Every structure is written in C-alpha cells, then in structure tokens.
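Shown next, in structure tokens, is the structure this report addresses.
The values are calculated or read from the model by the stated rules, or taken from the named source; none is laboratory data. Since we're looking at a predicted model, the values are computed, not measured. Ideal geometry is used to build each Cβ from the backbone, glycine not excepted, and the neighbour counts take in all protein chains shown. What goes into the accessible areas is simple: the full protein's heavy atoms, side chains included, and nothing from ligands, DNA or RNA. Shrake-Rupley method; radii C 1.70, N 1.55, O 1.52, S 1.80 Å.
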Amino acid sequence: MSDEVKVLNEQEAANVAGGAAHANGQYWTEGGATYYRIAPNDYLGNIAQMFGTSPYAIQQLNPGKIKNIDVIRAGDVIRVR
C-alpha cells in the first residue's frame, strides 16, 4: 500500500460520498483503485452508500472474496472503486 491509510472520523465518514458511513472504517487509494477495511457492524449496503456505488458493484470488484453480499467479515480489505 503505497498511499496513506485514512481512518474516518464521524464527520469524514458522513462526507466521503455524501452518505452514511461507519466511522471506524479505513480506506485508501492505490493505483487508481480504492480499498476499504471492513469495520465491525459494517454491512455491504452502508459501505456501498458511503462510496456512491452498489453492493453488487463491490461484489463484482471482489471476485472470490465476496460470494454473498450479506456475508462480509470485519477486518477484511475489499476494493470499493
């Protein structure tokens, strides 16, 4: 990870893409892609809303990692853009 890892505070989480977000998540950009470390109590719907995308689009960016959009694990790193 060559770029800086960003820990979201509550205000930043609310402003990432104009949507709600979990304030304990981390995200960073690397090589034009954006990655997010899943925080406890996150679900794919709120992550997708935070980054202005859909749960299905995130699933397509993570083949083999997200098999079911209703099952994600805290601590996993996923690509969101």
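Here are a few things to note about the model shown:
- Selection of first residues in region 31-53 that are farther than 19 Å from Asn68 by Cβ and of second residues that are surrounded by fewer than 17 Cβ atoms within 10 Å (Cβ to Cβ) and of a type in the set (Asp, Glu), restricted to Cβ pairs under 8 Å at least 6 apart or on distinct chains, gives the following pairs, ordered by first then second residue: Arg37/Asp76.
- Top-ranked residue in region 65-81 [being part of a loop (DSSP other than H, G, I, E, B) and open to solvent by 60 Å² or more (accessible area, probe 1.4 Å); ranked as nearest to Asn46 (Cα to Cα)]: Asp70
- Pick from region 31-64, criterion aromatic (Phe, Trp, Tyr) and open to solvent by 20 Å² or more (accessible area, probe 1.4 Å), ranking: nearest to Val80 (Cα to Cα): Tyr35
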